[in-house]
Amino acid sequence: MDTLPTTLPAWLAHVERLHHRPVDLTLDRVRKVAARLGLGFDCPVFVVGGTNGKGSTCAMLDSILRAAGYRSGLYTKPHLVRFNERAQIDGVVAGDADLLPHFEAVEAARQGESLTYFEFTTLAILLLLAQSRLDAAVLEIGLGGRLDAVNVVDADCSVLTSIDLDHMEYLGPTREHIGFEKAHIYRAGRPAICSDPQPPQSVIDVAQEIGADLWRFGHDFNYAGDRQQWAYGGRSQRRAGLPYPALRGANQLLNASAALAALEALADRLPVSQQAVRQGLLTVEIPGRFQVLPGRPAVILDVAHNPHAAAVLANNLDSMGFHPVTHAVFGMLGDKDIAGVVARLKDRIDHWHVGPTPGARGLPARQMAEALRAAGAAEGAGRSVAVHDTLAAAYETALGQAQSDDRIVVFGSFTTVAAVMQWRSGQRAHGA
């Protein structure tokens, strides 16, 4: 290319056009470019993968490390509103000026090599973090593991959260297939945390075959709690009197225990005090994970987009207390299990408001409404499914119909939550 882009939006538009496929699971091209970049970390690196819970686990690790006084770098995805959200250094989202030199470096190093959007942007962010004088880096891996771009980094400690059915067109049709792919973030002789209470046998097999130091939930670490506080128990470390994480949801203690197991495994390099754990848990933030917004009616944002996450969302809604009517603002991608998601939630939702999901993988609103009705979402007295031109219009209608004691749950994909967040941001900007 003759002229390099000069702004982040222009770079992102350029990167989107580079490769003929949006997902191309192979490490060969990424490894070549990473080698040309001399990509490498001189600090401990945590890599976190899994089907659900990996974003929360990353956020807790990063929050606790920063509370302990470490300079931590965090890479998560996808973003909700701005691309920059994917990269944080010491709790601060990277600015455009921070990212641009690393986009230029990847462009120069690829030497005509075709990279997907995810591969290119991952290399740029990894390069930023590697050059930021960090004490620790926390990296969320993408949909897979074995052939995911983040897996060019040899983690000092790898964490697998839940293993469930998602992205089956890329990872395989069963939990055993998916577990095999995800377990390849583990490394020989290094801590390999697994917080899935019933992991596929393939995860255990891969860990044993490569000689990883496997830490299993219920075997090597565990937690116990009451209504007031909880306790962590690991191989040699006990932490009692812990506060519940600021992140809401029934599964957050499982995610928190995985984070504490990872920190225990690297305690000789990154010692963390009890006070730092407490502070990190109390102050951790992550938007869109059972995020309950202030005000009435209650508005819940949740990026749940597969049956397992929908079941967790259903349990979390049940724990909220009584709300006369529940409205849903709903949009999913076309390659997701809509029927499986709806089956977990249809008995808890009275009125569904659907809008078209943006992007190449998105679904038109009418097609989504048909899928909802086919899954039984509109069955029963007082139930309805309404079609809207946009997700913002779906939310605005739900907001207008809901009474102060009702609730609105926004879910189905990151893009669904992002659309509502952008609408709300626009309303605040206009003083509404």
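The values are calculated or read from the model by the stated rules, or taken from the named source; none is laboratory data. Keep in mind the model is a prediction, meaning the values are calculated, not measured. Every residue, glycine as well, gets a Cβ built from its backbone with ideal geometry; the counts of neighbours run over all protein chains shown. For the accessible areas, the whole protein counts, side chains as well, though only heavy atoms, and no ligand, DNA or RNA atoms are used. Shrake-Rupley method; radii C 1.70, N 1.55, O 1.52, S 1.80 Å.
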Residues of the range 399-422 being within 19 Å of H323 (Cβ to Cβ) and not small (G, A, S), which ones? L399, Q401, Q403, D405, D406, R407, I408, V409, V410, F411, V420
Which of the residues spanning the range 292-334 are of a type in the set (D, E, K, R) and either under 20 Å from G380 (Cβ atoms) or under 18 Å from the mean Cα position of the chain (by Cα) (or both)? D302, D318
The correct count of residues that are without any contact (Cβ under 8 Å) to a residue 60 or more places away in the chain and either of a type in the set (V, I, T) or touching a Lys or Arg at 6+ places or on another chain (Cβ under 7 Å) (or both) in the range 123-165 is 1
Spot the failing condition for E85; the list is (1) of a type in the set (D, E); (2) open to solvent by 30 Å² or more (accessible area, probe 1.4 Å); (3) in contact (Cβ under 8 Å) with a residue 12 or more places away in the chain, and only one is missed. (3)
V106 is checked against (1) of a type in the set (V, I, T); (2) within 23 Å of the chain's Cα centre (by Cα); (3) open to solvent by less than 10 Å² (accessible area, probe 1.4 Å) and fails just one. What number does that condition carry? (2)
Within the range 119-152, track down each residue that is surrounded by 24 or more Cβ atoms within 10 Å (Cβ to Cβ), aliphatic (A, V, I, L, M) and touching a strand residue (DSSP E or B) at 6+ places or on another chain (Cβ under 8 Å). I125, L126, L129, A136, A137, V138, L139, I141, V150
Hey, R269 hits all of (1) at pLDDT 95 or above; (2) in a helix (DSSP H, G or I); (3) open to solvent by 50 Å² or more (accessible area, probe 1.4 Å) but one; which does it fall short on? (2)
